[in-house]
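To start, the structure under review is shown below, and the notes come after it.
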Amino acid sequence: MKLIKTKIKDLVIVKTNIYKDHRGFFKEIERSKILKKKFIFDCLSYSKKNTLRGLHLQKIKPQAKLITVAHGEILDVVVDLRKNSKTYGKHFSIKINQNSDFSLFIPEGFAHGFMCLSKNCIIYYKCTNYRNEKSEVTLKWNDKDLKIKWPIKKPILSKKDRLGIPLSDY
């Protein structure tokens, strides 16, 4: 395993080890000595095509996340919301699928969202903090200030995601 830097400080791609043979493959997701984070909460989500989840973050008890696609393909998007960051308000996006030889590590202080690009998808999250509903914030997925290029203009959204706030209100 090794870390690959992105254009945003501390946001890294975790190049994973995959062992393939005639039966399929075995993929290592995380080694604590590489990321040096304590992940205490794991989640799994299932989405159907054109579902967009996000852009979510927790203000009071922030979470770092390690995102791995177990099935299907997504466009994963993060927005840097760290107050003193040189890239505050900037986003990073990457396609990840079940065959990708990497996971995405998202530090605390980032909003996170994804869109399911395949018929359906299953996403595995490792988180450094538990979900804290009272500290959750949702950014408006199509905020013009963020300039995110989502593949479609009318995704499937939850009520919470439809009511997201613009970056300027954050």
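Structure values in brief
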{"read-out": "Residue match in region 4-12 (condition: touching a Ser or Thr at 6+ places or on another chain (Cβ under 6 Å), surrounded by fewer than 19 Cβ atoms within 10 Å (Cβ to Cβ) and not charged (D, E, K, R))", "value": "no"}
{"read-out": "Contacts under 7 angstrom Cβ, first residue in region 57-77 being within 18 Å of L44 (Cβ to Cβ), partner of a type in the set (K, R) and at pLDDT below 95, 6 or more apart", "value": "A64/K37"}
{"read-out": "Flag for Y46 being of a type outside the set (D, E) and modelled with pLDDT of 95 or more", "value": "yes"}
{"read-out": "Selection count, region 5-20, where residues are outside any loop (DSSP other than H, G, I, E, B) and within 17 Å of D76 (Cβ to Cβ)", "value": "5"}
{"read-out": "Residue match in region 86-103 (condition: out of contact with any Pro (no Cβ under 9 Å at 6 or more places or on another chain), touching a residue at least 60 places away in the same chain (Cβ under 8 Å), among the small types (G, A, S) and within 30 Å of I152 (Cβ to Cβ))", "value": "yes"}
{"read-out": "Residues located in region 86-111, provided they are within 16 Å of H56 (Cβ to Cβ), in a strand (DSSP E or B) and of a type outside the set (S, T, Y)", "value": "H91, F92, L104, I106, F110, A111"}
{"read-out": "Flag for R23 being basic (K, R), farther than 27 Å from K119 by Cβ and surrounded by fewer than 17 Cβ atoms within 10 Å (Cβ to Cβ)", "value": "no"}
{"read-out": "Residue, nearest to I148 (Cα to Cα), within region 60-96, restricted to residues that are at pLDDT 95 or above and of a type in the set (K, R)", "value": "K90"}
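Yes or no, residue by residue, for (1) surrounded by fewer than 18 Cβ atoms within 10 Å (Cβ to Cβ); (2) at pLDDT below 95; (3) out of contact with any Ser or Thr (no Cβ under 8 Å at 6 or more places or on another chain); (4) more than 13 Å from G54 (Cβ to Cβ):
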| residue | (1), (2), (3), (4) |
| --- | --- |
| P107 | no, no, yes, yes |
| H112 | no, no, yes, no |
| M115 | no, no, no, no |
| S118 | yes, no, yes, yes |
| I122 | yes, no, no, yes |
| T138 | no, no, yes, no |
| I152 | yes, no, yes, yes |
| D161 | no, no, no, no |
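The values are calculated or read from the model by the stated rules, or taken from the named source; none is laboratory data. The model shown is predicted, which means the values in this text are computed figures rather than measured ones. Glycine also receives a Cβ, built like all others from the backbone with ideal geometry; neighbour counts cover every protein chain displayed.
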